[in-house]
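Inspection log for the structure reproduced underneath, given as structure tokens.
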Amino acid sequence: MTNDAIEFFTIYDRPKDFPNQVVVRRWTVKDGQVNDRGIVAAGSTVDEVRDAIPGECYNLGRYQDDDPTVVEVWMR
């Protein structure tokens, strides 16, 4: 990842594509383009997958308008 890209890690609780798991999906934003970089971790609980979030990330929580499966978003 280059320095001018922003990286996000979103924790989802049982999204449609993983209905039996909690997953972390990595996203990058650069030049206005949002790119899905795939699943970073999958597990049974939020605490279990949260360990996959890089230590230098900041927890942004979630927004009221987020998909109901979004637990929290982390930014690096």
- Task: Could you check THR28 against (1) part of a strand (DSSP E or B); (2) farther than 12 Å from MET75 by Cα and say which number it fails?
- Result: (2)
- Task: Would you check if there is a residue in region 34-46 being surrounded by fewer than 17 Cβ atoms within 10 Å (Cβ to Cβ), β-branched (Val, Ile, Thr) and part of a loop (DSSP other than H, G, I, E, B)?
- Result: yes
- Message: Taking the conditions exactly as written (touching a strand residue (DSSP E or B) at 6+ places or on another chain (Cβ under 8 Å) and not in a strand (DSSP E or B)), does PHE18 satisfy them or not?
- Response: yes
- Message: Here are the criteria: (1) out of contact with any helix residue (DSSP H, G or I) (no Cβ under 9 Å at 6 or more places or on another chain); (2) more than 16 Å from THR69 (Cα to Cα); (3) among the hydrophobic types (A, V, I, L, M, F, W, C). Tell me which single one VAL40 does not satisfy.
- Response: (1)
- Query: How about region 40-59: which of its residues are in contact with a Lys or Arg (Cβ under 6 Å, 6 or more places away or on another chain) and more than 12 Å from TRP74 (Cα to Cα)?
  - Reply: VAL40
- Matching residues in region 38-59 (under 23 Å from ASP4 (Cβ atoms) and without any contact (Cβ under 8 Å) to a residue 24 or more places away in the chain) number 5
- Among the listed residues VAL23, VAL71, which satisfies the condition of being part of a strand (DSSP E or B), modelled with pLDDT of 95 or more, farther than 20 Å from ALA5 by Cα and touching a Pro at 6+ places or on another chain (Cβ under 8 Å)? VAL23
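The values are calculated or read from the model by the stated rules, or taken from the named source; none is laboratory data. Since we're looking at a predicted model, the values are computed, not measured. Cβ atoms come from the backbone with ideal geometry, glycine included; neighbour counts cover every protein chain shown.
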